[in-house]
Structures are given as structure tokens and as C-alpha cells.
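The values are calculated or read from the model by the stated rules, or taken from the named source; none is laboratory data. Computed from a predicted model, the values in this text were never measured in an experiment. Virtual Cβ from ideal backbone geometry, glycine too; neighbours counted across all protein chains shown. SASA here: full protein model, heavy atoms, side chains in, ligands and nucleic acids out. Shrake-Rupley method; radii C 1.70, N 1.55, O 1.52, S 1.80 Å.
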Amino acid sequence: MEKIKKLFACVATVAVCTMLGTLSSCSDNIDSSNLYTFKGDMVTGYLQKSDSFRLYSYVLRKVKLSTKSKSSFADLLSARGNYTVFAPTDQAMHHLLDSIYNQKDFPIEQVSDSIAERIVRCSILDSKNGEAYRIADLNEGTMPITNADDRYMTIRFDTVNGRAVTVINSDARVISRDHELENGYVHVVDRVVLLSNAYIANMIDNAANARIFSMLLQKTGWVAKLSKYRDEEYEKRNLPDTYTKQFDWGYDIIPQHRYFGYTVLLETDSVFHTKWGIDMPVVEGGVVVNEEQIMQQIKNKCAEAYPQAGGTELTDTTNAVNEFVAYHLLPARIPYNWLVVHRTEYGYSYKNATRLSINCDNFWETMSPSHRRMIKTTEGPSTDGIRINRYSSYDPDTYTETLVGIPGIKVRQNNGDYDNNALNGFYYPIDDILVYGSDVPDKVLNQRIRMDLSTYYPELVTNGLFIKEGQNGILIPNGYVDYLTLNAEGTLYHYLTGYNCGWNDMYCDEHNITGQYDFTLRLPPVPFEGSWEVRLVYSYSANRGMAQLYFGTDKNNLQAEGLPIDERIQVTSPTIGWALYDDEDPDLNRERDRNMRNHGYMMGCKHEGPSTGGVVSTTLYNVTAEHRLRKIFYTGNLSPDETYYIRFKSVLANSSTMFVLDYVEFAPKNVYNGLTPEDAW
């Protein structure tokens, strides 16, 4: 199969507004100071001058930016900005409206507010300070930012009658592209761009090739657990759009909405039949008549896969079938392109996203409630797409894949003719049976596990905040991230996307905490019990802070762990043990690494490096300014059956300092103290 193209232009600004009929983060009115006069047209002017967009221009004037706004989307697209608009022709508008109202040439003046809202919000991308998109800027998969409906759109490239065709979502073809205007690009489409409002479980139920998995979701009770969409209590907080205080990076925006999201990895009926011998569903009158036989076959197979599962009822989370289903579910709305994040790996350019350099892993905690479990997703030049739970060996010098013990399960980005982009998530078909067998903890996850906090927090991914374009900082309110608790009122938790900054961070972004901070982080699970190192990654700087760390399983009674971490100490300090050498002598480097470990530190990794979109040519292991340090925070026994927490409490009176975090790393004893030295990647 052709390798799926990736798109990793700098990701996602939260959309201008929210869903139908709700409040939004949009400002109340278009700032008249932005209404400049140019020799060229703005988007609104271009559309209004053409005879092809009369109906679309009408709904742009009709739909307001929010319920508290006097400005319309036509006003927005008349102002300075960077907008990508998929404009439906009048014929495309009639195709939709005539079918909805069952009336030929339905009068546009009579279109309902709700339908007009959906038409407008689904068609517009706002890149804020980033660049609007030409078709050539996009690759197959998920669009890089959410639209004005806070939804991710998809793009695919097809060939019809020998001609290349670009398709938005499932059926809107681009028939005229790249109309460059003063404030963005217009792409003309032959169908109105719409997204389904179905919840993820309902969308799976509508896929005729996924009847068995839909059956399992219903029988195990997971349908009800996948039904949340938006946190209505958060909506009531009525937070300001921005935090007024200016920081080194500028100002912070404040998320106006808190969406819930899910990702489902599912076997199609044919995969169940081919791999497990499950009977294909027999459908009569829309009903699967052999459901009982299929369920008994599934129960038998799940009992073999999960022999320790004791629950007898399918809705019991300790039941084998329930555990099987739960391991397919992730608590975040993850676009296909983010199942494995390509951003700053050595040799890679995120502005030339189709050329992969080295393999990348991401680790995702599943929704298994009785047993906290993770899956690993891997993609690189040797994987032929995204793979689940791949087990490989790598050359310690070049990080090329040398031996593949378990190829892993391939993930498809779509389900053919069936939509997989739901209101509250995505589902992706897989080509083999996904189970948490002994090979997963013993082989697949028996490695160094590196998790960037930005992908570990489901809310950042679900809400389109992850490495989003055009903003310097995002202030995370208390309660926004489930795995994070702000214990003191003066704690300001900033997520910095690193947009075009070239910071020495994994994925370019970082987590920066200011004020008299006191916060607690819930850690992801380890795959097996044993001795583990837990490492925290940060950069030193004179304006950094110092924090005492606490660790344990009782969130409200954590014990102090070691001395405070002082992020102001330079790497050349004797307390760090980093000696700067003038060359890359391997023996000297190994001596330096041993010396640093004796002081409880490690250098940054070789896998990642600073980038503003060009090819990464320097790694965090070799950077000569603002070094990234891996602090070995804890060494000791960890169990997969326990939940661990770290508390960070400032020990400085100066509340203007910053405490920086990038990613968390776990290393089992056979990695950090094995027969062969741990690689630097």
C-alpha cells in the first residue's frame, strides 16, 4: 500500500468560535483598525464580486461570530488575517439546501440559522498569525488546525479519469484552487463542506463493515462511556479570552471550551473473520441474525487472550471481553497525523513532512479502568505506515532499525466509504487483532518510555491546543487537565507551543510554570513491576526557579524526594558534572555521561533537536546553548497496579521565576543498568 502522507505544518489554533448556538472566544466585534484597503481583494470582496458565490456570501453575512457579537463572518473575512476558505458554489449550495428542504431552488433567505451556522463554520480555517493554506501545503490526513466549528477536517488526494482530485472530508471536491487574496486563500468546492454530528459510537454503528465491534461496544456498555462531548460546567466559568499580564513570550490565551474526545482502534468484520475465525455477520432486515453465535466466539477468544479476567458480566470492567474492548479506546480525539508525532526528530523537516528520517514512538494510555495499560504507536521510514505495538532493535549509533521482532498492527487513516470523523472523536480500522498479551509488557514496552507532557495530557490534543499556530502561550486553568492539579492559587501553568521559536524542546513546545507555584502531576503507568528510573527533562536558565519535589501514591500525602531541583544551575557546575569538550571524542563523551549519571543527571537525547521547520541537524545531545537536562528524579520499584504522583512546590520567595518541564521518561533497570549501555537516542 502507498505510504500515507503526513501533514505536520505547525499545529492548531483553537477555532474562532464554538459550535452552533453557543458562546465563543471570538471578540465581540471586528476591530475596524484591521479593515485596511489593499489593491487586491479580501476574501469577502472576492466572493461578493463573483456570480458563483451568491448563496455562500449570503450565509456569511447572516452568521454572527458568536451570540455576543455584532459582527458576521463576512466582516471577519473582510479584515486582515490568514484565512483558508473552502467556498461552495451556488450549485453546491442548492445541492445541499434542496435536499434538506425537499424543494428545488430553495430560497436562501429562508435557510434556518442552524443550517447556515454549520455551512459557514465548517468551511473556514483561521491560521491567526500563521500562514493560510494552499492545497500544496496540505498532505493526506487531518487538516493542521481546527475549523470555525472546533472540528478537524480531513483531506485526501484521488484520481478520477486520470486527473488528480483533492477531496475535503468525504465528498467535497476542490474544483478551483489557490485563489490568493490579501487575507488568505479561497478554494472552490463542488459540495458544501460538512462534518457529521454523530457521536463516535453511533458513527461506528453506521459502518456496515464494523458490525462486530459496534456490537461489542454496545454489549460491554462502552457506548455510554463514549458519549461526552463538551464540558458544560466549564462553559459556565465565562473566562476572559486572554490573560492580561505580559510574559517573556507575550500574552496567554485562555481556552474558552473544554471538549471531550475519544479515539477508537477497531478491527473490521473481515479482520475478525480472517484473524480469529469469527463468523461474518448475517444481516436480515437490518438485524444481525447470528449475533449470539458471534458473541460466543468472541467470548471464547477473549478468554484465551485475557485468562486472568474474572468478571462474568460483559459490563464488568474485569470481564475479558470488556478488557479487550477497553484496550482499543484512547481518551483523546487524536487526528491520524498525531498518532505518531513527527516534529523535531534528527534529520527531519516538518515543512517537508513526507520525508521521514528515523522512527518515532508515541505512547498512549488506554481507557482500561481496571488495569492501566498503554499502547505504543510507531512510524518511520521502515514501518510502512503507523504501527501499533511494534517491537524492534536499533543500531545504537545511527538509530536505524536493525531487527523487527514484532511488526506491529497497521493503522488505516480512514474507512473507505464510511466516515470516521465523529463529533467527539475518530475511529481507525486496524489490520490485526489488538490484545494486551504478554509480549506487550515483556517486549514492546520493555524499553525507555518517553512521553511529552503535551501528548500525555488528552485535553491539549482533543482541544486543538497541541503545538498550535499563531499564539505564544496558553494559560491552563485549574481543572482543565485531568492529570494536573494546581494546588495554590498563585500557580500559573502556561503551555508554550514554541511556534517558529526553534526552542530546544521535544516537539518545540514546553510547559512553563510561574508564580508561587504548587502543582501535582499524575504519572502514566509503567507496564510491569520492577526497578525503574523516572526522569524529568528541563532547560537551565538564570530566570528559572527551584522546586522541591514530592513523590508517592497518596496524592494528598506525598513524601519529599531528594533535594530541590534548581533550574538556574548551569550545566558546567560541579553539581551537574557536565564537562564541555572541544571535540566529539567517544571516550571523553562516555566519561562525561558516567560523571553526569553519578550526579543524577543525563544529557538531552540524540533523537530530537531544535527546529523552525528546516531539517534538524543538531540534536539535544549536542546543543551548545540552553542545554536540555534529564534529571534522574527517582530510582526504585514501581508497579503497574499503582498510580504515582509528583508534586512540584516552589521554594523561592521570588514569584517571577519560571519552572520548565518538557517530557517525562521512564527507564527499566535492564535499560539504565543492563548488559549494554543505554543508547543516547
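Can you find a residue in the stretch 381-404 that is crowded, with 23+ Cβ neighbours inside 10 Å, without any contact (Cβ under 8 Å) to a residue 60 or more places away in the chain and on the phi > 0 side of the Ramachandran plot?
Yes, some residue in the stretch 381-404 is crowded, with 23+ Cβ neighbours inside 10 Å, without any contact (Cβ under 8 Å) to a residue 60 or more places away in the chain and on the phi > 0 side of the Ramachandran plot.
Condition (residue is farther than 24 Å from Pro458 by Cβ and either out of contact with any strand residue (DSSP E or B) (no Cβ under 6 Å at 6 or more places or on another chain) or of a type in the set (Phe, Trp, Tyr) (or both)) applied to the stretch 260-268: is it met by at least one residue?
No; the residues of the stretch 260-268 include none that is farther than 24 Å from Pro458 by Cβ and either out of contact with any strand residue (DSSP E or B) (no Cβ under 6 Å at 6 or more places or on another chain) or of a type in the set (Phe, Trp, Tyr) (or both).
Any residue in the stretch 213-234 that is on the phi < 0 side of the Ramachandran plot sitting within a Cβ distance under 6 Å of a residue that is of a type in the set (Gly, Ala, Ser)? List the pairs, counting only those 6 or more apart or interchain.
Going by the 6 Å Cβ cut-off, the qualifying pairs are Leu217/Ala201; Val223/Ala201; Leu226/Ala201.
With respect to Met596, determine if the residue is in a strand (DSSP E or B) and either of a type outside the set (D, E, K, R) or closer than 25 Å to Tyr348 by Cβ (or both).
Spelling it out, it is not the case that Met596 is in a strand (DSSP E or B) and either of a type outside the set (D, E, K, R) or closer than 25 Å to Tyr348 by Cβ (or both).
Identify, from the list Val186, Val223, the residue that is more than 30 Å from Ile433 (Cβ to Cβ) and modelled with pLDDT of 95 or more.
Answer to the check: Val186.
May I ask you to say which residue of Ser78, Ser52, Ser71 is among the small types (Gly, Ala, Ser), modelled with pLDDT of 90 or more and more than 35 Å from the chain's Cα centre (by Cα)?
Result of the check over Ser78, Ser52, Ser71: Ser52.
Do we have Ser617 as of a type in the set (Ser, Thr, Tyr), farther than 19 Å from Gly490 by Cβ and out of contact with any Cys (no Cβ under 6 Å at 6 or more places or on another chain) here?
Yes.
I need the full set of residues from the stretch 333-360 which are charged (D, E, K, R) and buried (at least 21 other Cβ atoms within 10 Å of the Cβ), in order please.
Residues satisfying the conditions are Arg333, Arg343, Glu345.
When both residues are 6+ apart or on different chains and their Cβ atoms are under 6 Å apart, which pairs have a first residue that lies in the stretch 603-630 and is closer than 20 Å to Thr575 by Cβ and touching a residue at least 60 places away in the same chain (Cβ under 8 Å), and a second that is of a type in the set (Ser, Thr, Tyr) and open to solvent by 10 Å² or more (accessible area, probe 1.4 Å)?
Partner pairs satisfying both residue conditions: Met603/Tyr621; Gly604/Tyr621; Leu629/Tyr601.
If you take the residues of the stretch 627-666 that are of a type in the set (Val, Ile, Thr) and under 26 Å from the mean Cα position of the chain (by Cα), which of them is modelled with the lowest pLDDT?
Ranking the candidates gives Val660 first.
Residues in the stretch 667-681 that are open to solvent by 10 Å² or more (accessible area, probe 1.4 Å), modelled with pLDDT of 95 or more and of a type in the set (A, V, I, L, M): how many?
So the answer is 1.
Which ranges mark the strands (runs of 3 or more DSSP E) fully within the stretch 513-564 that have 1 or more residues being modelled with pLDDT under 95 and in contact with a Gly (Cβ under 9 Å, 6 or more places away or on another chain)?
Filter on the stretch 513-564 gives 530-539.
Condition first: in contact with a Pro (Cβ under 7 Å, 6 or more places away or on another chain) and in a strand (DSSP E or B). Can you find one or more residues in the stretch 364-386 that meet it?
yes
Residues that are crowded, with 20+ Cβ neighbours inside 10 Å, touching a strand residue (DSSP E or B) at 6+ places or on another chain (Cβ under 8 Å) and among the small types (Gly, Ala, Ser), at least 1 per element: which strands (runs of 3 or more DSSP E) completely within the stretch 603-666 meet that?
Hits in the stretch 603-666: 645-650.
For the stretch 431-439, does any single residue satisfy the condition of being hydroxyl-bearing (Ser, Thr, Tyr) and modelled with pLDDT under 95?
no
So Glu533 passes all but one of these: (1) open to solvent by less than 10 Å² (accessible area, probe 1.4 Å); (2) without any contact (Cβ under 8 Å) to a residue 40 or more places away in the chain; (3) touching a Lys or Arg at 6+ places or on another chain (Cβ under 9 Å). Which condition number does it fail?
(2)
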